[in-house]
Each structure stands twice: as structure tokens, then as C-alpha cells.
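We did not get these values from a lab; they are worked out from the coordinates using the rules stated. Quick caveat, the model's predicted, so the values are computed rather than measured. All Cβ positions, glycine included, derive from the backbone under ideal geometry; neighbour counts span all protein chains shown.
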Number of protein chains: 2
Amino acid sequence: MSQQVLGVMGGGQLGRMLAMAAARLGVRTRVFDPSAEACAGDVAELVIGAYDNEGALARFCEGLDAATVEFENVPIDAVTFVQDRVPFYPNARSIAQAQDRLHEREAFRKAGLQTPRDGAVTNEQEIEVALRAMGSPAILKSRRFGYDGKGQAWIREPSDVPGAWERIGQRAALLDEAVSFQRELSLVMVRGRTGEVRHYAATENVHVDGILHTSRAPAEVDASALNNLRQSVEAMLSSLDYVGVVAVEVFDCNGQYLVNEFAPRVHNSGHWTIEGAVTSQFENHVRAVMGLPLGSTDSRGHAGMVNLIGTVGEFKQQLACEGAQFHAYGKLPRDGRKVGHVTVCAETAALRDARLREVECLVEKGGCHVSDSA
Amino acid sequence: MSQQVLGVMGGGQLGRMLAMAAARLGVRTRVFDPSAEACAGDVAELVIGAYDNEGALARFCEGLDAATVEFENVPIDAVTFVQDRVPFYPNARSIAQAQDRLHEREAFRKAGLQTPRDGAVTNEQEIEVALRAMGSPAILKSRRFGYDGKGQAWIREPSDVPGAWERIGQRAALLDEAVSFQRELSLVMVRGRTGEVRHYAATENVHVDGILHTSRAPAEVDASALNNLRQSVEAMLSSLDYVGVVAVEVFDCNGQYLVNEFAPRVHNSGHWTIEGAVTSQFENHVRAVMGLPLGSTDSRGHAGMVNLIGTVGEFKQQLACEGAQFHAYGKLPRDGRKVGHVTVCAETAALRDARLREVECLVEKGGCHVSDSA
């Protein structure tokens, strides 16, 4: 058996963790990234090129057995170029749909999922009309290239419209009702080439300043509601002929579940699966894309994750945190940049939460001792 | 914080798994290996050179923050060359001691550990004399460059002596009593630069044809006897100023523990720690060598490991094994070659054993279903 090679478009931390999961399966990884500093290059072959550099893209494609993306904002022309040459998952259609908030929402509603109320807008006048219909406050979200809270602006009263329109770059947008939710959940699942779908435990997320701060799994969710959500998402994936891991963000509004967006890729809210599930989201994405049998998505205890943002700070003290599992991405610290994460696993939710609090304190202040009892 | 770089001499599967553990800590890895096919090269920078190529060794050393070995048979001159230029752990003295069975046994006995009876021999006549003193059967083991049963020959009666001497290459050797043991154990532990030692659960191993076949942990061992063994080994490590992971092989003869050999490195019998412990042996070796705080060695349930030897066979069917965790090393299959391993974890020893049996059956025959109940 000669060694198989997986191509990943994008060489950030998601590409890096995909490459490490692929290596465990004996699969080599080649990543494509515009930057020579792409951190996945530490553990994978790196082809450097702009996404419109067809020569570089062609070199990237040479000898690949399959290819995928680490994030949904890879320009669709580049995705299509590679998909024309190499088995590519998830397909360009799925990625294109996730690139546009309007198309994404329409796909959800077609699959029978409830979403926040929204309206497509392309200028200030349309925003004002939509705002009158929907009421304040609302959130203006650019239809394309939004992630980690980028491309979003709150509108608390009509006079905020010009500033918000300016802030998102005067681009086609959705005006979204400001949903009053109790919690944010994500559903991470994987769909294989055969159509088989496996679900990870539902995850509860806390965002700070639009960036994921902590995740906890399994989240307690009404079984029947969860099952309905999953079935509707499965129907959407099936209609897209989707292959790979997908993460769906859901607002829980007192038991009414509004689906906000999906990421056609491995997702930050699934990082806990590295230690907290039998098979990580990264390995299952590789398995799906390479046409291998999917691995068990069963949980291993109760898991919690804290993102390291902007700095890895007192690296040594964080590592001294008993029972915590540390992941650094090999990226230079920069404001608002995800540079690593810490996972804790425990046999009970209470012990997990106690450990998670201590890790959070450590991440904020440096130094901590994670106790062995709740 | 600029990224640290770890050097690893030897680019096989151990170097590969060390590199992946280092990457999780944000540490880049450079491996040195005589072969361009070295499988660690998939996930790390690879410097290719013979171990006596000082130019290549000097290139390897450039900019390293620390260096280590993936196996003990790296020529000691090469180790010394690197140690003279880069902080090197475990030190050359420890590695040299593990390279010679006689010195290794002497160190054990000095630390108060019991070993099998042995005698140093350098020719057929000395073997015959030692055999008369010790009795048959006995095992002739070359003092140097033995691993996975290589450099060993059984002597069942005096007439076997010439053939055994021939078989081990007519090199300086130990004649070892053939110990009648109930089981083989290994003690895997890590010693940090500060002298702190942490122990993984004792592991019970089954060898087939001199190569590790399966490991199970935690093994049930009398707590007081285990504690005594560990303390004696710690004394030996302290006298060597040892830093890193070490694995000690022990024969359990009805509760009498005879220490056979030690490996100054991460060890096959510790592969289960990737999923079966909070911090893997690979990560703890990197932490120790880089001078970082050691991670928790606590077990996560009951773990079992099966080696994949010679072939990865029905790769897809093995991956379909529910609950099993698959590791391929990216090596071409060859008779007797370790090309991967499979780990199972469970909440009870009985369930672990049931799953392990199913994985063994699958490894031998291809295809299996690992059940969820014992």
C-alpha cells in the first residue's frame, strides 16, 4: 500500500490539526496557503501561493488522493479549480452556500429548520425598511466573509444605520433580529461518502466579543428536539451531497431552537473531541474525505475547552495545570488571534466545570492549580 | 514568544509520534535520519545523513533548543557530537549504559534491583563455563544492538553453543538464565529536568517472537512491590541525572520481580498512553526534554494496545472497528516491521479485554466488529 496524500486548502490551526489526524491514519498532508508562515507547515508539506495563482494550485493538486478546505472563505474559484482535478469534499456547492449568509439561511428553512428572522439588504434605505418591520435592536451582518464576529454591527436605533452600514464595508448584508437566547449550542457531525452520518454530543458555547471562549460537551438538550434538529440538518446535508464534518450553530430560546449558521468544516466548538471523543472531529473529517469508514463519535466523559486568544502568556504555568490538555498552534501571538486551546475532561459535569473555571482563571491571570475534586 | 525547536535523532515511528506531541505544545521538530524514507519526515523537518556525517549533524544542530533520541542505538559518537552543541536529554551516559546489556544490569543491581542471573562471555569456551554454572536452558544475548529479540539465541543444551554463538554474530554477550516468569511488565515513567518523576500505570505485555504483541494497563501489581521497584529505578535515574521517559522491563516470577532491561526513550509498551492517559508518554518526553512542567500521568480508564506488524492489511476494515483507535506510521509494510498500532480504552478491564480480543482477531484475519458490551 503506497501512502495516500490529502490536500488541505488553508494552512492555519485547523489545517494543522487535520494534518496531525491524517498522519495518525498513515495519510500524508499537503496544505495550500498564501503565507510562508502558515502554521500547518510545521507538520505538513506547504505549497505557498495566492488563491488565484493557478500554477501554484496545479502544483498543489499533483498526486493528491483527495482534497478539502480548512475554512469556508477559500475563494470559490480556487475551490473549483482543485475540485476539477482532485476528489474534493465537501463539494464547492456546499462551500459556496456557506459563504453567503442568505443562501445558508434559505437552505436551513428549506430543510424545515427555524432561523432568526432576517431580511436581505443592499443599501441604507433597505436597512431602514427592514428595521421598521423587524424592530430594534437588530444586527447587520455582511452576507460574505464573516467569521469570529467580523462583518457584523449592532443597530440599537434607526440612527445607528449609517454607522453600521459603514462598519460592515457597505456590502450586501442580512439584517438579523437580535435573538434573545438562553444559550448557544453547536451540533458537530460528520457525513461519509456513503451518506452515513454520525453525531458528536451537542456542545454549549460561550462567545466573548464574537469569538468562541469556552465549549462544554455533552450539553443537556431535550432528546426529541435534538433529534428533530439533527434530522433536518441531515436532510440539508443530503441535498447538498455533503461529505465531511459540519458544525451548525443554534440559538436555544427557551426550548425554541433557531439555527444561525453552519461551517462546512471542522470547527472550534469541536476541538474538545480530540480528548473528549473516541474519534476526533479532525480524524473523522479525514476519514470522510478519504472515503474511509467513520470512527466512533462517542464521548469520553465530560469535556470542556477554553480558547487561548491573543497570547499564550505564561506558557509554562498553563502546562503545569494538572489534568488539563494543552494545544498550541505554533502561531505568533497577535490581538484577537486564536493561538491555542486547553481541554479538560472529567467523569462528571461538575468536576469538568470546576476544572474549566480554574483553567479560565489561569488563562486570564496566569498560574493556577486545577484541583482533583469539584 | 518565538517558536522552539526540538531535535530528534532517529526518524522512525517514535520520532514521528514525538514530533506530533511536540506540535501540540507549539514546538517544531527536526529529525535526523540516514534514510530519506524516514516516516517522521511526514510531520517534521528531516535532515538526512549518516550518523558519522559531521556536516549533516552540524546542520541538524543549528538553532535547536534541545535534542533527544528516539532509540538507544544511535551511535554514541553522534550523540556526543550533538550533546556538545545542544542541551541533550537523556544524556549520552544514560544512552551508553542502555547500549550495553552488561552495564545496564550492573546499574540495576547497584540500585538494589534484582535481575536474572547472567554472566559476561566473549567466546565459546566462556559460554560453556557459564552454562555449566547456570544450567540449561539459557539465552545468549549480544551485549550491544539488541532490540525486538534481535541478537538473541536460545541454548537448550551444550551442543547448541556453537550455533548460538554464530547466530548472535560472535560478539561480546551475556549468558542469561531462562527465567520462568508468569508475565512481563513494563514500568514507564518520566523524569523532568528538576528531578521530578511521574509514573504511568504498570503495563502488562505479551511478546510474540520477541516482538511486543499486546499491552494492557493498568496491570494489577502488588502496591508495595511496585513502589519498591519504582523507588529503586528512581535511584538509578537520579545517579544517571536522567531526563526524559524511560521504560523498564520486568519479569514477574510469582511475585519476585526481576528487572531485565531499560529503554532510555519512549517505548512501544507506552503507546497506550496516547488515549489511555491524560498526557501521553510522547508529550511528557517532550515536556521533560524541553524543560517544561510534566503533565499528569493518570490513566483514563483501562487501555489495551495491539501492534500492527508486517502489514496494515485490510486497512479499511480495521478502521471500521468501533471504539478502536488506529495509528499508522506511514511505513511500507515489511516482514516483522512495526507499521502501526491499535488502542482500545474501556471503563472496565473486562470490557477492555473483550475489545482487545476482537481487535487481535481482526489484525490476524481482517474484519471485525468490536462490541459495546463484554
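Odds and ends about this structure:
- For peptide B:41-48, the mean count of partner chain Cβ atoms within 10 Å of a residue's Cβ comes to 3.
- If only the Cβ of Lys and Arg carry +1 and only the Cβ of Asp and Glu carry -1, the dipole of segment B:27-148 around its Cα centre is close to 600 debye.
- Treating r as the C-beta distance of A:A36 and B:S35 and R0 as 30 Å, the FRET efficiency rounds to 0.65.
- Projecting the Cα positions of A:I127, A:P137, A:A173 onto the charge dipole of segment A:117-177 (unit charges on Cβ atoms of Lys, Arg, Asp and Glu, taken about the Cα centre) puts A:A173 furthest along the positive direction.
- Using a Förster distance of 41 Å, the FRET efficiency for A:R334-A:E62 (Cβ separation, nearest 0.05): 0.80
- With a 10 Å cut-off around each Cβ of B:17-26, the average count of Cβ atoms from other chains is 6.
- Lysine pair count for the protein assembly as shown with Cα-Cα distance under 24 Å and sequence separation of 8 or more or different chains is 20.
- Mean-position separation - Cα centroids, segment B:1-63 and segment A:226-288, in angstrom: 36 Å
- Dipole of segment A:1-88, positive end: most advanced residue of A:G12, A:F88, A:A23 [Cβ charges, Cα centre]: A:A23
- Subtracting the Cα-Cα distance of A:N254 and A:H199 from their residue separation scaled by 0.36 nm leaves 17.5 nm.
- Whole-number percent relative contact order across chain A, with pairs defined as alpha carbons under 8 Å at least 6 apart: 13 percent
- Cβ-defined net charge surrounding B:G330, 11 Å radius [Lys, Arg +1; Asp, Glu -1]: +2
- Over the residues of chain B, the helix contribution to mean residue ellipticity at 222 nm works out to -9000 deg cm²/dmol, using -39500 (n - 2.57) for each DSSP H run of at least 4.
- Under 5 Å, built H, 5+ apart or other chain: amide partners of B:T29: B:L6, B:E45
- Label-point distances for A:G55 to the equivalent site in the other copies, using a point 7 angstrom along Cα→C-beta, read 3.1 nm when ranked shortest first.
- Most positive-pole-ward Cα, B:A223, B:H271, B:Y257, against dipole of segment B:183-365 from beta carbon charges: B:H271
- Cβ-placed point charges (K, R +1; D, E -1), dipole of segment A:152-192 about Cα centre in debye, nearest 20: 240 debye
- Cβ-derived FRET efficiency at R0 25 Å, B:D77 paired with B:F145, nearest 0.05: 0.95
- Evaluating 6.51 cos²θ - 1.76 cosθ + 1.60 at θ = phi - 60° for every residue in segment B:207-216, the Karplus couplings come out as 9, 10, 6, x, 10, 4, 9, 9, 10, 9 Hz, glycine and proline recorded as x.
- Exam field: B:P158 pseudo-label spacings to other copies (7 Å along Cα-Cβ), nanometres: 11.4
- Each Lys and Arg adds +1 at its Cβ and each Asp and Glu adds -1 at its Cβ; summed about the Cα centre, chain B shows a dipole of about 460 debye.
- Under 12 Å, Cβ to Cβ, from B:R191 - net charge with Lys/Arg +1 and Asp/Glu -1: +1
- Comment: the Cα-to-Cβ extended label point of B:R132, at 7 Å, lies 11.5 nm from its counterparts in the other copies, nearest first.
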